[in-house]
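Laboratory data are not the source of any read-out in this text; all were calculated from the coordinates shown. Note that the structure is a prediction, hence the values are computed from the model and not measured. Positions of Cβ are generated from backbone atoms using ideal geometry, with glycine treated the same way; all protein chains shown enter the neighbour counts.
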Amino acid sequence: MSKPRKIAAVVNPHSAGGRTAREWPELASLLESRLGPVLTRFTDDHGAGIAITRDLLREGHDLIIAVGGDGTTNEVANGFFDLNEMINPQAALGVLPLGTGGDFRRTLGIPTQPSDAVDILATGSATPIDVGLARFRARNGQPASRYFVNLVSFGMGGHVAAQSRNFMRRFGGKAAFFWATVKTFLSYRGRNVRLTLDGSADPLSCFITNVAIGNGQFHGGGMWPCPSAAPNDGIFDVTIIDYAGALRLLASISVLYSGEVYTHPLVRHFDAGRILAESSTTTEIEIDGEPLGTLPLEVSILPRRLKVLVPPSSPWLASTSPVRTESTVG
């Protein structure tokens, strides 16, 4: 890959329980030793990375490195867009994963060791990936939209994400996610949801534990709900987990990490490029790990819209199949 002209890093100093702030001086030196000069911008609040990225792109930076967790990567990816148009279609996103979940980097094949991740930034391929666009009801009740690169889920996943943010103030990092998951298992009840895939005249009526709409394969800190998803195939993987009570779900939890979730009797799997989800009860959603609102939710795909630096060994890069444009039942 030819070296981009101007490089910047958007750093969430609070990610990984504040470890990113402590380690950043050493990491910045490592980055500059491999990439040359790197401008650093720190985020100071939820959502700040979007505006920072837009400013950097308008200033001519053509490689923006997201330093933090999946939420930071989501903000930087959103910053590539303004008024539904890309600010610089030739610019690329880099990922230096230092957060709690690290789910998007799992699909991309980016290592957890920072020095190895920096190697990808120095030698990786700028590969176009699909981007999802989610329209939903924000937490203030108003219509909202958000781009995403990894995964959207609703039901239990959305509830855990919302609870994690509450626990983060007391525990931080993985402990917050653990206690949020425990609390959700003890209190969550299924949700009645109506799903319309690709404008079908025959919507699905579901009583769900969770629905995952995957551009990437992982969420929730390593759960694997969409193992056949590839972020460059022009289609979402939709995994529906029907509700059957907390005890049965707990007994089946290992299948969510095994890559064999499609074989479970409570699971249904579809491909779709457009999804509409509606419910008469409050059903929380998470977008790339961030609890941003509730149903109704409409999701559409933008095929191969954003360039991302990935290792040549990423398994989905080996696929030579064309972008899929029609939904099929998995």
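Worth a mention:
- Across the chain, C-alpha contacts under 8 Å between residues 6 or more apart give a mean separation that, scaled by the residue count, equals a relative contact order of 21 percent.
- Here r is the Cβ-Cβ distance between Arg248 and Glu59 and R0 is 51 Å; the resulting FRET efficiency, rounded to 0.05, is 0.45.
- Estimated 222 nm signal from helices in the chain, with DSSP H stretches of n ≥ 4 weighted -39500 (n - 2.57), rounded to 500: -8000 deg cm²/dmol
- Seen from Glu59, the other residues with C-beta closer than 12 Å to its C-beta sum to a net charge of +3, counting Lys and Arg as +1 and Asp and Glu as -1.
- In sequence order, the range 96-108 has phi-based couplings of 10, x, 10, x, 7, x, x, 6, 5, 5, 4, 5, 5 Hz under the Karplus curve 6.51 cos²θ - 1.76 cosθ + 1.60, θ = phi - 60°, and Gly or Pro positions carry x.
- Label-point gap, in nm, between Ser145 and Ser228 - each point 7 angstrom along Cα→Cβ: 3.0 nm
- Taking the number of Cβ atoms within 10 Å of each Cβ as an exposure proxy, the fewest-first ranking of Lys183, Lys307 is Lys183, Lys307.
- Fully extending the segment from Glu278 to Ala51, taken as 0.36 nm per residue of separation minus the present Cα-Cα distance, adds 78.7 nm.
- Taking Ser314, Ser15, Ser300 and counting other C-beta atoms within 10 Å, the order from fewest to most: Ser300, Ser314, Ser15
- Whole-Å semi-axes of the ellipsoid equivalent to the range 132-304 (Cα gyration tensor, √5λ, descending): 22, 19, 16
- Between Ser29 and Asn192, the modelled labels are 6.2 nm apart [label points 7 Å from Cα along Cα→Cβ].
- Summing charges over neighbours of Cys206, with a neighbour being any other residue whose Cβ is under 10 Å away from its Cβ, gives +2 when K and R count +1 and D and E count -1.
- Among beta bridges identified by DSSP and lying wholly in the chain, the antiparallel ones come to about 75 percent.
- The calculated FRET efficiency for Ala201 paired with Ala21, based on their beta-carbon distance and R0 = 35 Å, is about 0.10.
- Residues His14, His264, His159 arranged by fewest to most Cβ contacts within 10 Å: His264, His14, His159
- Cβ-based net charge around Thr239, under 13 Å, with every Lys or Arg adding one and every Asp or Glu removing one: -3
- Taking every DSSP beta bridge that has both ends in the range 7-123, the antiparallel portion is near 10%.
- Calculated translational diffusion coefficient of the chain (25 °C, 0.890 mPa s; Stokes-Einstein with Kirkwood radius over alpha-carbon pairs) equals 124 µm²/s.
- Taking the range 58-116 and dividing mean pair separation by its residue count, relative contact order in percent (alpha carbons under 8 Å, at least six apart): 40 percent
- Length-normalised contact order of the range 132-304 in % [C-alpha pairs under 8 Å, at least 6 apart]: 32 percent
- One decimal place: the segment Asp82-Arg304 gains 78.2 nm when fully extended, by the rule 0.36 nm per residue minus the C-alpha distance.
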